[in-house]
């Protein structure tokens, strides 16, 4: 089977699966303070409906361009936003490398987030595609860009927590 | 940990994860023209409700027996079918090898497809099991058989795009 | 890329993905008699709502403390429980090692179970986190503890089959 996957391919895929598992685990566990550390600085973090993305329309639901912006979102969650309690849980599938340069890789993956409100059944909250640019350096991987393109134009309830 | 996974097992699993990620990525991105290339020729592509599959009843929702049939489905999507716009997004989990011969492997995996219609929330569309026979040859993997056994007898809306 | 994932890390992750795929495959296929073999004896198998888990409240929806208990659940499914037919299908994402001792590893992962009742659409049934302690020995892996912490306080219909 050696022709099917070289050791470099193997190491890269395992590293990516580990990265996405740690990323969603951080958010699912609501350890939001650790979330900006998954990004380079500056960076691009964007949540945008697919219809806008495909038409190159700039309007995004969230847009952060540095770790400071990301930390600001965390502050909003912890201190200034007013919202009811909820759980969010994220699933990732279909991680694949679609491009590679000397210091970064371009990765696409599908994500599905489920929301649970008190006294309610768990429901599908937001489903879409991560379109990520991951910087390789110092033996670790960080998101230089993370663009969450979601399929529905509607966001049930509100988008409070990151995807 | 070497006893837990040999390098052959590792290479095979990584190759399978890559195959399913590319397969669902192709369909999610609506690059349907590339879809027949994932199959051998002839091949078997079938979408069948679990209740029929388990009782050996032959009636299938979709049945294609060659790349030509698959291309015909793509033509239907692109040119002759009449249907409203929608997005479909596929998730795969639990990929496992359940049998192996000299030139093919039998693989089971779970899939979930989410549908998004305009002005509607994303919803669970079709959930089931891939029961695949994958030909190994020329350093790549192609589906000799891909049978999508779905749990519900009901298909919300219509089954327009492949699973 | 060798700095990104050592061969031990690779072997461990592949072994874990294989374990979870075989575990959910066993349950999805309703081969319940094989289910207790995934556990050590004694063991801990618990299904508990997140609100109780986070407050250290002991009340669990299911609690089994040995293979005998697990076999008792299987007997209930096969012989004594009265329930309507249904299919359950499980998805796992975000498998990650969060702790390791000489003879066991602590693993977290997300799971989503979909339920299909006759003449009904497939729906989200139960979503949560596996918090597992996996014993390493004799070249295989078994669950010493498997705690299923689910996000919603509500269980639609009934919890008949294991998660």
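None of the figures in this text is laboratory data; all of them are computed from the coordinates on show. These numbers were taken from a predicted model, which means no experiment stands behind them. Cβ atoms come from the backbone with ideal geometry, glycine included; neighbour counts cover every protein chain shown.
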Open item on the list: Suppose you put the label 7 Å out from Cα in the Cβ direction; list, shortest first and in nm with one decimal, how far residue C:155 is from each other copy's label.
Closed with: 3.4, 3.4
Open item on the list: Please report, in whole Å³, the volume per residue of the convex hull around the C-alpha atoms of the protein assembly as shown.
Closed with: 159
Task: Enclosed volume per residue, in Å³, of the convex hull spanned by Cα atoms of segment B:43-86 - done: 93
Open item on the list: Suppose you put the label 7 Å out from Cα in the Cβ direction; list, shortest first and in nm with one decimal, how far residue C:68 is from each other copy's label.
Closed with: 6.5, 6.5
TODO: Apply 1/(1 + (r/R0)^6) to the Cβ-Cβ distance of residue A:29 and residue B:140, taking R0 = 30 Å, and write down the FRET efficiency to the nearest 0.05.
DONE: 0.15
Open item on the list: From Cα pairs below 8 angstrom and at least 6 apart in sequence, can you work out the relative contact order of segment B:64-144, rounded to a whole percent?
Closed with: 22
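If you take the Cα Rg of segment A:2-150 and divide it by 2.2 N^0.38 Å, with N the number of residues, what do you get?
Cα Rg divided by the expected 2.2 N^0.38 Å: 1.10.
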Open item on the list: Can you list the copy-to-copy distances for residue C:118, using a point 7 angstrom from Cα toward Cβ, in nanometres, shortest first?
Closed with: 4.0, 4.0
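How high is the relative contact order of chain B, in percent, with contacts defined as C-alpha pairs under 8 Å that are six or more residues apart?
Answer for chain B is 24 percent.
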Task: Shielding by partners - mean other protein chain Cβ count within 10 Å, residues of B:117-126 - done: 6
- [ ] For each of B:151, C:29, count neighbouring Cβ atoms within 10 Å of the residue's Cβ, then give the residues from fewest to most.
- [x] C:29, B:151
TODO: Could you tell me the distance between the Cα centroids of segment B:42-117 and segment B:122-148, to the nearest Å?
DONE: 7
Task: Cα-based helix-to-principal-axis angle, B:7-28 vs chain B, degrees rounded to 10 - done: 10
